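S.K.: My structure is below; once you've seen it, I'll send some questions.
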Amino acid sequence: MKHLIRDCETSDLKMVVALCQKHAEYEQATFNPKGKENGLKNALFCEQPKLFCLVVEKNKTIVGYATYTFDFSTWDAANFMYLDCLYLEEDIRGFGTGEAIIKQLKQIAADKNCIDIQWNTPKFNERAIKFYSRIGGNRKDKVRFFLDL
């Protein structure tokens with residue numbers, strides 16, 4: 001399958017937000033798109049970005065995205081990449097695009113001297129769990145908490 005993985009541009013944000021909506025639905029979560037385009041623009045395109053984003057383009061249409069940040073592990077006393085979101089439209093899954101994104105993320109993380117890439121996926125997302133296991137991901141079962149402010 002022919003696709004292009006590239007850095008997100010401001011003109012992609014409307015479609016990234018639409019894909020975020022689909023991603024939330026896929027993960028059985030709520031999502032309110034209000035203000036998200038501007039929020040992502042401010043996080044991605046400021047002087048010191050808080051967030052980074054790759055998009056998958058097929059036939060000049062954005063069909064997937066991956067967002068990530070860089071963080072620091074106290075226990076490892078080292079930097080790591082946190083993969084916040086990885087979502088591909090259903091019709092491009094299973095053709096190596098996810099692996100290509102992971103390969104690109106691994107290079108970016110290595111270039112930033114990260115010791116690893118970390119991420120979460122819901123327990124019910126068996127397809128993602130199989131994919132992550134197949135590409136060499138190691139699993140640590142934890143319960144993630146949120147404290148609303």
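The values are calculated or read from the model by the stated rules, or taken from the named source; none is laboratory data. No experiment lies behind these values; they were computed from the predicted model shown. Counting neighbours? That spans all protein chains shown, and the Cβs are built from the backbone with ideal geometry, glycine included. Keep in mind that these areas ignore ligands, DNA and RNA; they rest on the heavy atoms of the full protein, side chains included. Shrake-Rupley method; radii C 1.70, N 1.55, O 1.52, S 1.80 Å.
S.K.: Mind checking the dipole of segment 1-127: about its Cα centre, +1 per Lys or Arg Cβ, -1 per Asp or Glu Cβ, Debye to the nearest 20?
M.R.: Working: 16 positive and 18 negative charges, 52 e Å.
Dipole about the Cα centre, nearest 20: 260 debye.
S.K.: At 0.36 nm per residue, and after removing the present C-alpha to C-alpha distance, how many nm does the segment from residue 120 to residue 99 gain when stretched out fully? Can you show the working numbers first?
M.R.: Values: separation 21, 0.36 × 21 = 7.56 nm, distance 1.66 nm.
Stretched fully, the residue 120-residue 99 segment lengthens by 5.9 nm.
S.K.: Just the accessible area per residue of the chain, please: how many Å² with a 1.4 Å probe? Don't jump to the answer; show the numbers that get you there.
M.R.: Values: 10330 Å² over 149 residues.
On a per-residue basis, the chain sits at 69 Å².
S.K.: Evaluate E = 1/(1 + (r/R0)^6) for residue 112 and residue 27, where r is the Cβ-Cβ distance and R0 equals 35 Å; express this FRET efficiency to the nearest 0.05.
M.R.: Numbers: r = 27 Å, r/R0 = 0.77.
Given R0 = 35 Å and the Cβ-Cβ separation, E is 0.85.
S.K.: Based on the alpha carbon coordinates of segment 13-113, what radius of gyration and maximum Cα-Cα distance (Dmax) apply, in Å?
M.R.: According to the Cα coordinates of segment 13-113, Rg and Dmax are 14.4, 44 Å.
S.K.: So between residue 11 and residue 141, what do we pick up on full extension, going 0.36 nm a residue minus the alpha carbon distance?
M.R.: Details: separation 130, 0.36 × 130 = 46.80 nm, distance 3.75 nm.
Computed gain between residue 11 and residue 141 is 43.0 nm.
S.K.: By residue number, which cysteines of the chain lack any other Cys whose Cβ falls under 4.7 Å from their Cβ?
M.R.: Cys with no partner Cβ under 4.7 Å: 20, 46, 85, 114.
S.K.: Here's a follow-up. Given contacts defined as C-alpha pairs under 8 Å and at least six residues apart, what's the relative contact order of the chain, whole-number percent?
M.R.: On the way: 167 pairs, mean separation 27.5, N = 149.
Once normalised by length, the contact order is 18 percent.
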